[in-house]
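Asker: Below are the structure tokens for one structure; questions will follow.
Read-outs: derived from the displayed coordinates by stated rules, not from any lab. What you see is a predicted model, and the numbers here were worked out from it, not measured in a lab. Cβ atoms come from the backbone with ideal geometry, glycine included; neighbour counts cover every protein chain shown.
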Amino acid sequence: MNLEEIKSTLEAAIPGCSPQIVTNGSPSGQHSLLLDREHAFVAAMFLRDDPTLCLDYCSNVTGLDWLDTETSEKVKVTQLVDGVEKEVDEVRKTRTPGYLEAVYHLYSMQKKHGPLVVRLRTENRTDSVHLPSFTPIWRSAEFQEREVFDLFGIIFDGHPDLRRILMWDEFEDHPMRKDYVEPDDYEYEPTPHDAVLKKALEHRNRISTPDGQGA
Amino acid sequence: MSTSMEASTPAAHQGFADATMIDHESDLLQISLGPHHPSTHGVFRMDVVLDGERVVKLKPVFGYLHRNHEKIAESTTYLASIPYTDRLDYMCSLSNNWAYALSVEKLAGLQVPERAEYIRVIAAELTRLQNHASTIGFLMQEMGASGTPLMYAFREREKILDLFEALTGSRMMCNYMRFGGCRVDLPAGWLDQARKTVDEYPRFLDEFESLLASNEILLARTQGVGVLPPKLAIQGGVTGPILRASGVNYDIRKVDRYGIYERFDFKVPLGEHGDVYDRYMIRMLEMRESLKILDQALHQITPGPIIDPKAKIRGFRPKPGEAYGRIESPKGELGFYLISDGTPNPYRYRVRPPSLINLTVLEDMCLGSSLADTVVIFGTIDIVLGEVDR
């Protein structure tokens, strides 16, 4: 089944589902299917359970960060200058908001075909970064979605255990984002060491004074 | 592991407040196994909750070796990441090189000359031999056979590492493959040496098997332990020998037929029970199949160019687009997902680490078994932390 057929099957099977085909310019020819957020979970379930597709194996889950892009174009506008109509060049800037993307590579172990590349996009990169989690469908997404959450900051709704996986729990940013700036000093991050150091200091102060009350 | 039962005295208890918790009402004991426990194969930690000696909950904790390999690769050129891939799964640097080179070749549409394909197959299968041998050695070590089986395995591994050193200049960090081929041709006399090593290898396997396969302790510790049902294995994205030990016939060398694997006659061994014993046995059988492939490859290889003349080593800029390439590495499906935006650096560089994803089902395999069995079950997953944490 090629991508066009999968697209039309999905459209027929799930009312309201509107997948789009994202073409890929490289010689690999791995085009992908962009699912809308609302129907993504049902569509993914369909992809797994459909007897001809039977994509029972979710191999790879990863995140992508696409920054906001700004395109400027010159437009001729007529304006009144000193009472005379003139054509003036005006630069118009259009800002396309960026988004985060989750990419899933699906294979079928039973039918031995694949990959089907499925993409999901968030609304923007800042406040609306929710996507449906596919972990209830494919358990193999569990750690990988956690990793995407950790490094890209996509929040997967429905994930059973969405915590940081590679960075420590107190870490605040998402290092794989394209606009991530490294902290000047990692020691400023609140780490468990701070509490330990504080305790050690208190202890030292307490034993150094003769009355035992601390400095 | 710090199962300090004396921790109930107030002073001692405070010191272990996070690591050891004794719940007197339900008699559950939470312990932290690792990250510096000798059986965790590196800096890996498991938070285990025990009821007596039975595991009731197990959560792996990652990240102690995290260096954001992907970010580093995205801030440098395609070529500069090759030596870095060696450090992913440092037991199998040549397989990692191949997976990365394969993905870049898919991305840029490069062809690999025949001789280079043969060299790649030979290198990858030799890697599989030494990886599986040492995995079994480590597994025996964890069952209490301290030293001997591991040293037998390492003795054979040395011979293969010597071959790698002669070929690439390095024993473990090989940095050998390039986009569209390999870095250097085989040195004089290498093929003869490799044939000799391959011909001698079955003797080691026979010896190993006669020592282990019917060993009473091994059978008692492994049979029926850590059973992984095939459905769960597929669902959990498990790949490699563990998946095949559960009876699922999925070997990427057969499915994708990447490289020139369709030319070789070899079988895919499958397990029946999916327990620790099957996972051990699958690796023994896979080594024999690898020897078959090596035997064919070492006799079929012919002289020729080793790199695609179209492949540019410097100033390499693939056309914008993306590609996902994967190989059957000794640990499972190793994949690289690359996105090019036309610049010398990849826009996105993603490693699909088999070691990490195979750990997804660790808890399911360990629930209900004893803590000592957990160590053995964990040993059969065969992880390398350089790849888990990246």
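Asker: For A:PRO160, what is the net charge nearby, where nearby means another residue's Cβ is under 13 Å from its Cβ and Lys, Arg count +1, Asp, Glu -1?
Answerer: -1
Asker: Taking just the alpha carbons, could you work out the radius of gyration and Dmax for chain B, both in angstroms?
Answerer: Cα only, chain B: 22.0, 74 Å (Rg, Dmax).
Asker: Further, regarding this structure: Can you tell me the FRET efficiency between B:ARG203 and A:GLU182 if r is taken as the Cβ-Cβ distance and R0 is 60 Å, rounded to the nearest 0.05?
Answerer: Working: r = 54 Å, r/R0 = 0.89.
Computed FRET efficiency for B:ARG203 and A:GLU182: 0.65.
Asker: Among the lysines in the stretch B:266-385, how many pairs, 8 or more places apart or on different chains, have alpha carbons under 30 Å apart? Show your work: numbers first, answer last.
Answerer: Working: B:LYS267/B:LYS292; B:LYS267/B:LYS331; B:LYS292/B:LYS331; B:LYS310/B:LYS319.
Taking the stretch B:266-385 as the scope, the lysine pair count is 4.
Asker: Which shape class, rounded, prolate or oblate, goes with the stretch B:14-156 when its Cα gyration tensor gives a ≥ b ≥ c as root eigenvalues, a/c under 1.5 marks rounded, and past that a/b bigger than b/c marks prolate?
Answerer: Oblate is the answer for the stretch B:14-156, as a/c is 1.5 or above yet b/c matches or exceeds a/b.
Asker: Given all pairs of different Cα atoms, what value in angstroms does the Kirkwood hydrodynamic radius of the protein assembly as shown take? Numbers along the way, then the final one.
Answerer: Working: mean 1/r = 0.0379 Å⁻¹.
Over the protein assembly as shown, the inverse of the mean reciprocal pair distance is 26.4 Å.
Asker: Where does the protein assembly as shown land at 222 nm, in deg cm²/dmol rounded to the nearest 500, when only DSSP H runs of n ≥ 4 count, each adding -39500 (n - 2.57), divided by all residues? Before the final figure, lay out each step's value.
Answerer: On the way: 20 runs with 228 residues, N = 605.
It lands at -11500 deg cm²/dmol.
Asker: Stick to the Cα atoms of the stretch B:313-371, pair each with every other, and give me the Kirkwood hydrodynamic radius in Å at one decimal.
Answerer: On the way: mean 1/r = 0.0717 Å⁻¹.
Hydrodynamic radius (Kirkwood, Cα only) of the stretch B:313-371 equals 13.9 Å.
Asker: Please give the FRET efficiency for A:HIS130 paired with B:ASP341, using the beta carbon to beta carbon distance and R0 = 35 Å, rounded to the nearest 0.05.
Answerer: Numbers: r = 26 Å, r/R0 = 0.75.
E between A:HIS130 and B:ASP341, to the nearest 0.05, is 0.85.
Asker: Lys and Arg at +1, Asp and Glu at -1: add these up for the other residues within a Cβ distance under 12 Å of B:VAL55 and post the number. It would help to have the intermediate numbers written out before the result.
Answerer: Numbers: positive: B:ARG54, B:LYS57, B:LYS59; negative: B:ASP47, B:ASP51, B:GLU53, B:GLU363, B:ASP364, B:ASP373.
Cβ neighbours under 12 Å give a net charge of -3.
Asker: On full extension of the chain, what length is gained from A:GLU11 through A:VAL196, given 0.36 nm per residue of separation minus the C-alpha to C-alpha distance? Write out the running numbers ahead of the final one.
Answerer: Working: separation 185, 0.36 × 185 = 66.60 nm, distance 5.75 nm.
Stretched fully, the A:GLU11-A:VAL196 segment lengthens by 60.9 nm.
Asker: Is the C-alpha gyration tensor of chain A telling us rounded, prolate or oblate? Criteria: a/c under 1.5 is rounded; beyond that, a/b larger than b/c is prolate, otherwise oblate.
Answerer: Working: a/c = 3.34, a/b = 1.27, b/c = 2.64.
Note, shape of chain A comes out oblate.
Asker: Could you tell me how far the Cα centroid of the stretch B:153-217 sits from the Cα centroid of the stretch B:221-243, in Å?
Answerer: When both Cα centres are located, 28 Å separates them.
Asker: Distance from a point 7 Å along Cα→Cβ of B:LYS231 to each backbone N in the stretch B:341-361: keep the residues under 20 Å and list them by number.
Answerer: Under cut-off, by backbone N: B:360-361.
Asker: Could you go through the stretch B:200-216 in sequence order and give the Karplus-derived ³J(HN,Hα) for each residue, using 6.51 cos²θ - 1.76 cosθ + 1.60 with θ = phi - 60°, rounded to whole Hz, and x for Gly and Pro?
Answerer: Using θ = phi - 60°, the values come out as 7, 4, x, 4, 5, 5, 4, 4, 4, 5, 5, 6, 9, 4, 10, 5, 4 Hz.
Asker: One quarter of the convex hull surface, Cα atoms only: what value does that give for the stretch A:1-49 in nm²? Numbers along the way, then the final one.
Answerer: Values: hull surface 14.2 nm².
Projected over every direction and averaged, the Cα hull of the stretch A:1-49 covers 3.5 nm².
Asker: For the stretch B:297-310, what does the Karplus curve 6.51 cos²θ - 1.76 cosθ + 1.60, with θ = phi - 60°, yield as ³J(HN,Hα) per residue in whole Hz, taken in order and with x for Gly and Pro?
Answerer: 5, 5, 9, 8, 4, 10, x, x, x, 10, 8, 5, x, 6
Asker: Let me ask something else. Counting only DSSP beta bridges with both residues in the protein assembly as shown, tell me the antiparallel percent, nearest 5.
Answerer: On the way: 67 of 74 bridges.
If we restrict to bridges inside the protein assembly as shown, about 90 percent are antiparallel.
Asker: If you don't mind, another one. Evaluate the relative contact order of chain B (contact order divided by residue number), counting alpha-carbon pairs under 8 angstrom at least 6 apart; express in whole percent. Before the final figure, lay out each step's value.
Answerer: Values: 741 pairs, mean separation 97.0, N = 390.
Computed over chain B, the figure is 25 percent.
Asker: Could you list the GluC sites (Glu not before Pro) in the stretch A:47-127 that lie in coil according to DSSP, counting only those with at most 11 other Cβ atoms within 10 Å of their Cβ?
Answerer: Values: sites: A:GLU70, A:GLU73, A:GLU85, A:GLU87, A:GLU90, A:GLU101, A:GLU123; in loops: A:GLU123.
Loop-located and lightly packed - none at all.
Asker: Right, something else. Which of the trypsin sites (Lys or Arg not before Pro) found in the stretch A:9-108 are loop residues per DSSP with 16 or fewer other Cβ atoms within 10 Å of their Cβ?
Answerer: Details: sites: A:ARG37, A:ARG48, A:LYS74, A:LYS76, A:LYS86, A:ARG92, A:LYS93, A:ARG95; in loops: A:ARG37.
Those satisfying the criteria are A:ARG37.
Asker: Please label the shape of the stretch B:138-239 as rounded, prolate or oblate, based on the square roots a ≥ b ≥ c of the eigenvalues of the alpha-carbon gyration tensor (a/c under 1.5 means rounded; beyond that, a/b larger than b/c means prolate, else oblate). All intermediate terms of the calculation are to be shown ahead of the outcome.
Answerer: Details: a/c = 2.70, a/b = 1.52, b/c = 1.77.
Taking the square roots of the gyration eigenvalues as a ≥ b ≥ c, the stretch B:138-239 is oblate.
Asker: Something else: Using modelled backbone amide H atoms (1.01 Å from N, in-plane), which distant-in-sequence or interchain residues come within less than 5 Å of B:ARG348's amide H?
Answerer: B:ILE339
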